[in-house]
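Below you'll find the structure, written out as structure tokens, and then a few comments.
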Amino acid sequence: MTFDLFLIAAAYLLGSVSSAILVCRIMGLPDPRTQGSRNPGATNVARLGGKKAAALTLAGDMLKGLVPVLIAHALQADAVVLAGTALAAFLGHLYPVFFGFQGGKGVATALGVQFGLHWMIGGAVALVWLFMAKVLRISSLAALV
């Protein structure tokens, strides 16, 4: 029980790490919370720093959802702990303890969680997002769909 709570808390803390802010600091870009849409996500980072910065942000946000779920799977956590771990990583992105509980929208982190739960779920969601993003050309609308 104690280890289960540690796993969930660690997932929240990992989710609270902002890939967008880290990428922008490392690449010498402005803080994404103060520029563009003021959202610490890959789309806003793309506006500020281009495709490479956006890809790094997207990968980081996906990994912080994927890694805790894969660890929970590897440790053979029961379904409740697995779900709690997944939710904690997602909520960490939305409400990060390190950034005054003001995070991003959670699209990439949720996708990472879904890939961690089952690759087919993640793949299906990614394909729908890609299709909608290509057709509509509006990232936020594709995320909602």
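The values are calculated or read from the model by the stated rules, or taken from the named source; none is laboratory data. Keep in mind it's a predicted model, so treat the numbers as computed, not measured. Don't worry about glycine lacking a Cβ; one is built from the backbone with ideal geometry, like all the others, and counts go over all protein chains shown. Side chains included, ligands, DNA and RNA excluded: accessible areas come from the protein's heavy atoms. Shrake-Rupley method; radii C 1.70, N 1.55, O 1.52, S 1.80 Å.
General remarks:
- Of the listed residues SER19, SER139, SER37, the order by accessible area with a 1.4 Å probe, largest first, is SER37, SER139, SER19.
- When every Cα-Cα distance of region 17-94 is counted in 5 angstrom steps from zero, the calculated P(r) takes the values 3, 18, 24, 17, 13, 10, 8, 5, 1 percent.
- Over the chain, dividing the summed -39,500 (n - 2.57) contributions of all DSSP H runs of at least 4 residues by the number of residues returns a 222 nm mean residue ellipticity of -23000 deg cm²/dmol.
- Accessible surface of THR43 - all protein chains present, 1.4 Å probe, nearest 10 Å²: 60 Å²
- Assigned charges on the beta-carbon of Lys, Arg, Asp, Glu; region 1-88 dipole about Cα centre (debye): 540 debye
- Using heavy atoms of the protein chains and a probe of 1.4 Å, the accessible area assigned to LYS134 is about 140 Å².
- Whole-Hz ³J(HN,Hα) from phi, Karplus 6.51 cos²θ - 1.76 cosθ + 1.60, for region 125-131, glycine and proline x: 5, 4, 5, 4, 4, 4, 4
- Along its three principal directions, the equivalent ellipsoid of region 28-145 from the Cα gyration tensor extends over semi-axes of 25, 18, 11 Å, largest first.
- With θ taken as phi - 60° and the Karplus curve 6.51 cos²θ - 1.76 cosθ + 1.60 applied, the whole-hertz 3J(HN,Hα) list for region 22-27 is 5, 4, 5, 5, 5, 8 Hz, x standing for glycine and proline.
- Surface accessible to a 1.4 Å probe, MET120 within the full protein complex, Å²: 120 Å²
- Between region 105-128 and region 43-100, the alpha-carbon centres lie 11 Å apart.
- Excluding ligands, DNA and RNA, the accessible surface per residue across the chain is 57 Å² with a 1.4 Å probe.
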